[in-house]
1. Please work out which residue is nearest to Gly164 (Cα to Cα), limiting yourself to segment 233-248 and to residues that are part of a helix (DSSP H, G or I) and either aromatic (Phe, Trp, Tyr) or in contact (Cβ under 8 Å) with a residue 40 or more places away in the chain (or both).
2. Assigned to a strand (DSSP E or B) and either of a type in the set (D, E, K, R) or without any contact (Cβ under 8 Å) to a residue 12 or more places away in the chain (or both): does that describe Glu230?
3. Being of a type in the set (Lys, Arg) and touching a helix residue (DSSP H, G or I) at 6+ places or on another chain (Cβ under 8 Å) is the filter here, so list the residues in segment 180-222 that pass it.
4. Do you know which of the residues in segment 128-145 that are hydroxyl-bearing (Ser, Thr, Tyr) and within 26 Å of Arg254 (Cα to Cα) is surrounded by the most Cβ atoms within 10 Å (Cβ to Cβ)?
5. Show the residue pairs meeting these rules: Cβ distance below 6 Å; 6+ apart or different chains; first residue within segment 66-85 and in contact (Cβ under 8 Å) with a residue 40 or more places away in the chain and among the aliphatic types (A, V, I, L, M); second residue in a helix (DSSP H, G or I) and surrounded by fewer than 24 Cβ atoms within 10 Å (Cβ to Cβ).
6. State which residue pairs qualify: first residue touching a residue at least 40 places away in the same chain (Cβ under 8 Å) and inside segment 131-157, second residue in a helix (DSSP H, G or I) and among the acidic types (Asp, Glu) in any location, beta carbons under 7 Å apart, and separation of 6 or more residues or different chains.
7. If you take the residues in segment 35-44 that are over 15 Å from Val15 (Cβ atoms) and touching a strand residue (DSSP E or B) at 6+ places or on another chain (Cβ under 8 Å), which one is modelled with the highest pLDDT?
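The values are calculated or read from the model by the stated rules, or taken from the named source; none is laboratory data. For clarity, every value in this text was computed on a predicted model and none was experimentally measured. No Cβ is skipped: glycine too gets one built from the backbone with ideal geometry, and neighbour counts run over all protein chains shown.
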Amino acid sequence: MIAVTGATGQLGRLVIDALLEKVPAASVAALVRDPAKAADLAAMGVTLRQADYAQPETLFPALEGVDTLLLISSSEVGQRAPQHQAVIDAAAAAGVGLVAYTSILHADSSPLALAEEHRATEAALAASGLDHVLLRNGWYSENYAGSVPTAAEHGAVIGAAGEGRIAAAARADYAAAAAAVLADPAAHAGKTYELAGDTAFTLADLAAEIARQSGKPVTYQDMPQAAYAEALKGFGLPGPFAEILADSDVGASRGGLFDDSHALSALIGRPTTPMSEMVKSALAG
């Protein structure tokens, strides 16, 4: 039995879809907070199990009989370490054979504040005695999709990444990598994968691509970290999230979102999705 946490989330659902191309639906369990939101998965033959990171008592029953688990990092930044620890404890108690975890690119050396909880989770996995695989995911190109139409309209991409190169890939690319690992766990146990897009870009490159596809002048406006965070708050983003995004941009300026190992495309057996595809989709609405 292969189980996927957060199975109705943006990444989790894509992982389920990719898995169903490799293994029978009867061997897949979707761990979800609200099974009612996953009725379509049940209709495909996927087993639904109620599980909530924030309710540890739900985790052991959900993991009983599971051979391989994909632990998708929680969306609750600041609560990730204890939530992930609860899943790891339940997995160990349930006798899960292997845990794959979606960490962050170069977690052990990343300058991004987001990496702290990922490092804590990686340490917890190491201490658990469980066989595990670290899927250190780089940036999703979809992280920029929401700002593309605005950039085309107002003529500017804003950020604090300087000339930092960002090796982003589509969320579906990372999902395909997770599915490849889950479908053949023995081949990947103990490995750490630095997963990133084949072709890196700067935010100036992103602005140029938006300009090319939209036919409108778009440039990149680099800002100090604090000013960028304030601008994001002005757009309505919650304060803590705006601070995280600004910190991540500065981390990108220091190489935190760059990797040229091509481990992701090797794992999925095809090139990663280029940034231009995200721009095309975002402009199409």
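1. Of all residues in segment 233-248, those part of a helix (DSSP H, G or I) come to 233-234, 239-248.
Filter once more, so that each one left must be either aromatic (Phe, Trp, Tyr) or in contact (Cβ under 8 Å) with a residue 40 or more places away in the chain (or both): 240-241, 244, 246-248.
Details: Pro240: 23, Phe241: 21, Ile244: 17, Ala246: 13, Asp247: 13, Ser248: 11 Å.
Applying the filter and picking the extreme gives Ser248.
2. Numbers: assigned to a strand (DSSP E or B): no; either of a type in the set (D, E, K, R) or without any contact (Cβ under 8 Å) to a residue 12 or more places away in the chain (or both): yes.
For Glu230, the condition - assigned to a strand (DSSP E or B) and either of a type in the set (D, E, K, R) or without any contact (Cβ under 8 Å) to a residue 12 or more places away in the chain (or both) - is not met.
3. Quick first cut of segment 180-222, residues of a type in the set (Lys, Arg) only: 191, 212, 216.
Listed by number, the list holds a single entry, Lys216.
4. Restricting attention to segment 128-145, the residues satisfying the condition of being hydroxyl-bearing (Ser, Thr, Tyr) are 128, 140-141, 144.
Next cut, within 26 Å of Arg254 (Cα to Cα) only: 140-141, 144.
Numbers: Tyr140: 19, Ser141: 27, Tyr144: 22.
Only one residue tops the list, namely Ser141.
5. Correct list of pairs: Ile72/Leu11; Ile72/Gly12; Ala81/Glu117; Ala81/Ala120.
6. Short answer, once both residue conditions are applied: Leu134/Glu122.
7. Among them, the one singled out is Ala42.
Matching residues to (1) within 15 Å of Met275 (Cα to Cα); (2) assigned by TED's automatic domain parsing to the domain that holds Leu69; (3) assigned to a loop (DSSP other than H, G, I, E, B); (4) out of contact with any Asp or Glu (no Cβ under 7 Å at 6 or more places or on another chain):
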site: Val133; (1), (2), (3), (4): no, yes, no, yes
site: Glu153; (1), (2), (3), (4): no, no, no, yes
site: Val157; (1), (2), (3), (4): yes, no, no, yes
site: Leu206; (1), (2), (3), (4): yes, no, no, yes
site: Glu209; (1), (2), (3), (4): yes, no, no, yes
site: Arg212; (1), (2), (3), (4): yes, no, no, yes
site: Lys216; (1), (2), (3), (4): no, no, yes, yes
